[in-house]
């Protein structure tokens, strides 16, 4: 059985052009340069308590927090994550937030204040226990594997060497506009 040459011409040209165009395609890395960076870190944690429906800390709790901060010696590149327990009363919760901001105002590390919010008709009873977590980055690593996945690896390695504060990888500093908003009571 013989096939006419003119019937094979179009599929052959199409296959040839497809092969040529696919060879011109540039492979893209799976991960971006910044996504390849990770920080190794250590953390310390301290639990503190507010009395039931109280907005201020007792002297004992203040001294325990001061002892925790003294022992862990927070630095500028550290992140302090403050979880404030909710009482279910807006006035008390607002005062608790102000109390913790004032108590930690002189700590040089970056601070993030979190409070659970419950919008239910019947809020669950609060425990009154909050958590201070101090996260200290110890270095920056670039995740690089040989092969095609290594596209952008040199840039990631260079960037990891240039980052002055490893804490910026865990949580970048707030811009002036966001910092102003966060400082407002």
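Overview of values
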{"read-out": "Order of 46, 70 - criterion: other Cβ atoms within 10 Å of each residue's Cβ, fewest first", "value": "70, 46"}
{"read-out": "Pairwise label distance in nanometres, residue 76 with residue 90, each label 7 Å out on the Cα-Cβ vector", "value": "4.0 nm"}
{"read-out": "Likely footprinting exposure, 143, 93, 78, fewest C-beta neighbours within 10 Å first", "value": "143, 93, 78"}
{"read-out": "At R0 = 35 Å, FRET efficiency that the Cβ-Cβ distance of residue 46 and residue 143 yields, to 0.05", "value": "0.65"}
{"read-out": "Rounded FRET efficiency, nearest 0.05, which uses the C-beta distance separating residue 154 from residue 133 and R0 of 30 Å", "value": "0.30"}
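None of the figures in this text is laboratory data; all of them are computed from the coordinates on show. Because the structure is predicted, anything quoted here is derived from the model rather than measured. Because the Cβ atoms are built from the backbone with ideal geometry, glycine has one as well, and the counts that use them run over all protein chains shown.
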